[in-house]
Amino acid sequence: MATLPLTAHHSIAIIGAGISGLACGQVLANCGASVTLFDKARGPGGRMSSKRRPLATLDLGAQAFSVRDPVFQRAVDEWLAVGCLAPWPTRTYQASPNGWQAHNDGQMRFTGAPRMSALTRHLADSLTALPRVSLHADTSIVRLQRAHMGWQLVDAAGISFGPYDRVVISAPPPQAHKLVAAWDDNLAAACQTRKQRACWAGWAIFDGPIPAIPGVEPDWQMVRIAHHSPRQVLNIVSRNQTKPGREAQPESLSLLAHLDWSEAHLELSADEVAEQLVAALKRILPTSTALPNLIEIGAHRWRYAQPASSSEHAYLYSENGLALCGDSFRGGRVEDAWLSGHGLGEALIGRSV
Ligand SMILES: Cc1cc2nc3c(=O)[nH]c(=O)nc-3n(C[C@H](O)[C@H](O)[C@H](O)COP(=O)(O)OP(=O)(O)OC[C@H]3O[C@@H](n4cnc5c(N)ncnc54)[C@H](O)[C@@H]3O)c2cc1C
């Protein structure tokens, strides 16, 4: 993996402006290199994105994350000070056939404020405020080309960008594989071994609060459904109006399906999935619960939601200038993604290998 350290003279393309790509970009931009980020979505964030509806904003990917690593803790402290992050949740439950039990594993968790994507938006805004850094949103990179002066990137409209000295790919491995397969056998093989699990994420907005559940705090924030049947539909329900900065919005639930169920129903329509998730919500509530009227439901399919297993390398890079990072290279959590991107950035500038 040895390669010459990057310097301020180098130009780097980063494909994917999720938290790993942004973390990598921050290290490289801080060393003065020219950094160009590309994302196929309308904005940065990836799996930390939030859905904005007229009456409510709902997090459809990560709901909250914990911190174990001291380097990540320092970044989290900065984000808390800026105000784009806040502690949440503190009132969590587990639902099982025996009812709801308070469930607190003692781990502090955080969420973006006033929505999960506020964190990645903050990172993207601070990065692009630096000289020699830019972000191309709505730009799906479909091909890499080796040019005389470095790497060229080609998007879905056939437009070429570059040349770049290095290309960092932070897209989930199946998407990264399409880009590296023609150029690097080792990186391609690494992508193929990192299998991804799928997840349906639904949402439901009501015209009033869910009635109180006996024995449960009325302002409960999140419930995890204990896995007791392979046909279990729901995994997590979280109440977005209990998240910091969203207190004024009506009852607005994120309904995350169980991964096994998601994979068995991957090709259902989003409307059908949303109906099934709301039906599953009713089943975890006491039978006497009269739900308020639904204003809106929907569902989003994450084909590549989380890695099936953890990996021994936090990132990978090659002599030819291509590099891979992302949560799949550590363990499938926000912290893993940030550490992977940050670690790759440090390795590319020669601070660690
Ligand atoms: C439903 C769900 C719930 C989760 N819950 C939690 C949780 O509670 N706690 C936790 O810690 N983690 C959670 N996670 C995981 C967490 O969201 C991820 O680990 C983290 O966001 C991954 O960041 P990343 O930068 O590695 O990848 P991503 O966020 O996926 O970023 C990759 C980016 O690459 C872009 N891209 C892909 N291909 C191309 C291309 N060809 N051209 C241009 N751009 C491209 C994508 O648009 C995307 O923005 C959850 C994830 C999901 C889906």
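Tell me, which strands (runs of 3 or more DSSP E) lie completely within region 136-240 with 3 or more residues that are buried (at least 21 other Cβ atoms within 10 Å of the Cβ)? Working first, answer last.
Details: elements: 141-147, 150-155, 160-164, 166-169, 196-206, 222-225, 234-239.
Per the criteria, 166-169, 196-206, 222-225, 234-239.
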Residues in region 245-255: is at least one outside the structural domain of residue 124 (by TED's automatic domain parsing), surrounded by fewer than 22 Cβ atoms within 10 Å (Cβ to Cβ) and at positive phi? yes
By residue number, the members of region 31-43 that are of a type in the set (Asp, Glu) and either modelled with pLDDT under 95 or more than 8 Å from the ligand (Cβ to nearest atom) (or both) are none
For residue 336, the lone unmet condition from (1) out of contact with any Gly (no Cβ under 7 Å at 6 or more places or on another chain); (2) within 24 Å of residue 112 (Cβ to Cβ); (3) touching a residue at least 60 places away in the same chain (Cβ under 8 Å) is (3)
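Quick check on my filter: what residues within region 44-68 are more than 9 Å from the ligand (Cβ to nearest atom) and either assigned to a strand (DSSP E or B) or closer than 24 Å to residue 296 by Cβ (or both)?
Looking only at region 44-68, we keep the residues that are more than 9 Å from the ligand (Cβ to nearest atom), and these are 50-58, 67-68.
Those that are more than 9 Å from the ligand (Cβ to nearest atom) and either assigned to a strand (DSSP E or B) or closer than 24 Å to residue 296 by Cβ (or both): 50, 51, 52, 53, 54, 55, 56, 57, 58.
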The lone condition residue 332 fails out of (1) out of contact with any Lys or Arg (no Cβ under 8 Å at 6 or more places or on another chain); (2) under 29 Å from residue 87 (Cβ atoms); (3) more than 11 Å from the ligand (Cβ to nearest atom) is (3)
Residue 323: passes all of (1) within 10 Å of the ligand (Cβ to nearest atom); (2) assigned to a strand (DSSP E or B) but (1)
Reported set for region 35-59 where residues are in contact with a helix residue (DSSP H, G or I) (Cβ under 9 Å, 6 or more places away or on another chain) and among the small types (Gly, Ala, Ser) is 43, 45, 46, 49, 50, 56
Note on residue 305: of the conditions (1) among the small types (Gly, Ala, Ser); (2) in contact with a helix residue (DSSP H, G or I) (Cβ under 6 Å, 6 or more places away or on another chain); (3) near the ligand (Cβ under 10 Å from one of its atoms), unmet is (2)
Pairing a residue in region 290-302 that is in the same structural domain as residue 268 (by TED's automatic domain parsing) with any residue that is loosely packed, with under 15 Cβ neighbours inside 10 Å and aliphatic (A, V, I, L, M), where Cβ atoms lie under 6 Å and the two sit 6 or more apart in sequence or on different chains, gives 299/270
Next on the checklist: Yes or no: region 104-120 includes at least one residue that is within 30 Å of residue 282 (Cβ to Cβ) and touching a Phe, Trp or Tyr at 6+ places or on another chain (Cβ under 8 Å).
Outcome noted: yes
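When you check residue 25 against the structure, is it of a type outside the set (A, V, I, L, M, F, W, C), over 17 Å from residue 345 (Cβ atoms), more than 6 Å from the ligand (Cβ to nearest atom) and surrounded by 24 or more Cβ atoms within 10 Å (Cβ to Cβ), yes or no? Please lay out each step first, then the result.
Working: of a type outside the set (A, V, I, L, M, F, W, C): yes; over 17 Å from residue 345 (Cβ atoms): no; more than 6 Å from the ligand (Cβ to nearest atom): yes; surrounded by 24 or more Cβ atoms within 10 Å (Cβ to Cβ): yes.
Spelling it out, it is not the case that residue 25 is of a type outside the set (A, V, I, L, M, F, W, C), over 17 Å from residue 345 (Cβ atoms), more than 6 Å from the ligand (Cβ to nearest atom) and surrounded by 24 or more Cβ atoms within 10 Å (Cβ to Cβ).
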- Does residue 96 fit the bill of being polar (S, T, N, Q), more than 16 Å from the ligand (Cβ to nearest atom), touching a residue at least 12 places away in the same chain (Cβ under 8 Å) and in contact with a Ser or Thr (Cβ under 9 Å, 6 or more places away or on another chain)? no
Of the conditions (1) over 25 Å from the mean Cα position of the chain (by Cα); (2) of a type in the set (A, V, I, L, M, F, W, C); (3) modelled with pLDDT of 95 or more, the single one that residue 290 does not satisfy is (3)
At pLDDT 95 or above and either within 30 Å of residue 67 (Cβ to Cβ) or in contact with a Ser or Thr (Cβ under 7 Å, 6 or more places away or on another chain) (or both): does that describe residue 245? yes
Q) Does residue 267 satisfy the condition of being in a loop (DSSP other than H, G, I, E, B), more than 19 Å from residue 50 (Cα to Cα) and acidic (Asp, Glu)? A) yes
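Hey, can you tell me all the residues within region 294-308 that are among the aliphatic types (A, V, I, L, M) and surrounded by fewer than 18 Cβ atoms within 10 Å (Cβ to Cβ)?
At the first step, the residues of region 294-308 found to be among the aliphatic types (A, V, I, L, M) are 294-295, 297, 299, 305, 308.
Answer for region 294-308, where residues must be among the aliphatic types (A, V, I, L, M) and surrounded by fewer than 18 Cβ atoms within 10 Å (Cβ to Cβ): 294, 295, 308.
Here's the yes/no breakdown for (1) touching a Pro at 6+ places or on another chain (Cβ under 8 Å); (2) assigned to a helix (DSSP H, G or I):
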| residue | (1), (2) |
| --- | --- |
| 247 | no, no |
| 260 | yes, yes |
| 272 | no, yes |
| 275 | no, yes |
| 279 | no, yes |
Quick count over region 77-131, residues being among the aliphatic types (A, V, I, L, M) and either over 28 Å from residue 31 (Cα atoms) or outside any helix (DSSP H, G or I) (or both), is 9
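The values are calculated or read from the model by the stated rules, or taken from the named source; none is laboratory data. Because the structure is predicted, anything quoted here is derived from the model rather than measured. With ideal geometry, Cβ positions are generated from the backbone for all residues, glycine too; neighbour counts draw on all protein chains shown.
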